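Asker: Here it is: the structure, laid out below.
Values in this text are rule-based calculations from the coordinates and carry no lab data. All of these numbers come straight from a predicted model, not from anything done at the bench. All Cβ positions, even for glycine, are placed from backbone atoms using ideal geometry, and neighbour counts span all protein chains on display.
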């Protein structure tokens with residue numbers, strides 16, 4: 001089968017931008033991976049830990065409306081490169097000088113701002129260099145590399161922390177994003193010429209786009225759950241395995257979380273491919289399965305590790321599985337002239353939920369007995385399950401149309 005020059009260019013752009021995204025995600029899970037160690041050293045409450053875990057996404061949500069929308073006016077590569085440098089600096093300073101709640105809060109906030117200048121601007125750069133089904137599939141692969149990057153982040157942090165401590169883990173996570181600069185330099189030129197849209201705060205054209213808003217709301221529910229599960233996975237598993245008669249001969253909780261995130265990578269590709277064929281039904285089915293797993297965890301909180309461990313891994317995989325399909329759907333639904341603004345809305349609403357999710361779980365834990373009581377963890381998992389519940393309901397907004405037209409229009413674009 002002959003591969004055209006455009007297809008080769010699309011594949012190259014997808015590979016380079018997926019790699020650039022992945023290396024920029026090295027800091028994302030570092031705090032969650034070493035949370036038990038830092039909490040003990042600094043005497044953090046569950047609510048304080050939740051704030052630090054969530055503020056990364058708060059910084060993202062605050063910055064992405066500006067940084068992603070700017071890509072409709074300026075070359076996104078400059079935004080991507082400068083944000084990569086900011087993310088690297090935030091992690092390196094955390095490694096060198098963070099010594100308590102407030103310093104950690106500010107530095108993780110800056111890390112989230114940096115990710116805002118990478119994630120959606122990178123998706124916009126990819127959309128400009130692809131078309132049709134190549135754009136839909138490339139968007140799904142790019143978004144799936146978010147999952148892979150988070151898994152690698154857990155692996156790096158867990159491995160380095162075990163050998164050299166948590167400060168070394170943050171130091172390494174600050175060096176890895178610098179590789180994105182080289183990837184950007186190798187990008188092919190854009191394949192489409194889209195007239196720039198004026199920078200405006202008028203959201204009405206976006207809000208009238210029914211399919212786009214459905215994907216925005218669904219992503220908000222999805223990322224609420226993803227961030228909450230990721231933030232509390234290690235802490236819950238460490239507590240559970242430390243209970244009498246619960247000890248299992250398994251790798252560290254951070255490594256297990258990394259493996260679970262890694263399994264989420266192919267799962268997200270599979271669900272995205274199912275969405276190309278069956279549309280929103282694939283996403284709704286995934287959301288339903290995720291809710292059931294989290295409710296099972298709520299009902300078995302504090303139970304034996306042989307029950308909890310597979311459920312917890314499945315919860316992380318299920319929470320990640322529909323993220324790529326949602327991103328691809330949002331790209332397809334967006335007006336090309338306002339794609340940056342559409343992705344800014346998609347990300348800002350989503351990452352506001354990502355910020356609130358871990359914090360809400362922390363409050364639920366404290367309100368129902370804390371992280372050393374099964375009742376607290378039952379409340380935590382019910383709180384997590386609210387995310388996929390909301391995502392499934394949001395996708396009902398696009399169930400009425402023909403699935404392929406919603407997800408992958410013939411031209412690769414929608415309105």
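Asker: Cut-off is 10 Å between beta-carbons; in what order do 44, 35, 365 appear when sorted fewest neighbours first? Provide the component values of the computation, followed by the final result.
Answerer: On the way: 44 19, 35 25, 365 28.
Taking fewest neighbouring Cβ atoms as first place, the list is 44, 35, 365.
Asker: Considering all projection directions equally, how large on average is the shadow of the alpha-carbon convex hull of the stretch 109-219, in square nanometres? Let's see the in-between values first.
Answerer: Details: hull surface 38.0 nm².
If you wrap the Cα atoms of the stretch 109-219 in a convex hull and average its projections, you get 9.5 nm².
Asker: Working only with C-alpha atoms, what are the Rg and Dmax values of the chain, expressed in angstrom?
Answerer: Rg, Dmax (Cα atoms, Å): 20.1, 64.
Asker: Follow-up. So for each of 284-296, 378-390 I average, over its residues, the number of other beta carbons within 10 Å; can you give me the resulting order with the highest mean first? Walk me through the numbers on the way to the answer.
Answerer: Working: 284-296: 21.7, 378-390: 24.1.
Result, highest mean Cβ count within 10 Å first: 378-390, 284-296.
Asker: Can you compute the modelled spin-label distance between residue 273 and residue 40, with each label point 7 Å from Cα toward Cβ, in nm?
Answerer: It is 4.3 nm.
Asker: On to the next question. For the pair residue 133 and residue 210, how long in nm is the line joining their label points, each one 7 Å along Cα→Cβ?
Answerer: 2.7 nm
Asker: State the Cα centre-to-centre distance between the stretch 50-111 and the stretch 124-169 in whole Å.
Answerer: Measuring centre to centre over Cα atoms gives 16 Å.
Asker: For the chain, what does -39500 (n - 2.57) per DSSP helix run (n ≥ 4), summed and divided by total residues, give at 222 nm, in deg cm²/dmol to the nearest 500?
Answerer: Values: 19 runs with 320 residues, N = 415.
Calculated from helices alone, the mean residue ellipticity at 222 nm is -26000 deg cm²/dmol.
Asker: So if we plug the beta-carbon distance of residue 307 and residue 168 into 1/(1 + (r/R0)^6) with R0 = 35 Å, what FRET efficiency do we get, rounded to 0.05? Please report the intermediate quantities before stating the final value.
Answerer: Details: r = 35 Å, r/R0 = 0.99.
Taking R0 as 35 Å, the efficiency between residue 307 and residue 168 is 0.50.
Asker: Report the calculated FRET efficiency for residue 182 and residue 373 (r = Cβ-Cβ distance, R0 = 51 Å), to the nearest 0.05.
Answerer: On the way: r = 49 Å, r/R0 = 0.96.
Once the sixth-power term is evaluated, E becomes 0.55.
Asker: When the chain is treated as a GNM, springs tying every alpha-carbon pair under 10 Å, which of 92, 125, 203 comes out with the largest mean-square fluctuation?
Answerer: Answer for the Gaussian network model of the chain: 203.
Asker: Using a Gaussian network model of the chain with C-alpha springs under 10 Å, which one of 24, 240, 222 is most mobile by mean-square fluctuation?
Answerer: Among 24, 240, 222, the largest GNM mean-square fluctuation belongs to 240.
Asker: Give me log10 I(q)/I(0) at q = 0.12, 0.13, 0.19 Å⁻¹ for the stretch 170-305, Debye formula, one equal scatterer per alpha-carbon, no solvent.
Answerer: With one equal scatterer per Cα and no solvent, log10 I(q)/I(0) is -0.83, -0.94, -1.29.
Asker: What FRET efficiency do you get for residue 78 and residue 292 if R0 is 41 Å and r is their Cβ-Cβ distance, rounded to the nearest 0.05?
Answerer: That pair, residue 78 with residue 292, gives E of 0.35.
Asker: Please work out the Cα center distance from the stretch 245-264 to the stretch 289-333, rounded to the nearest Å.
Answerer: Between the Cα centres of the stretch 245-264 and the stretch 289-333 lies a distance of 15 Å.
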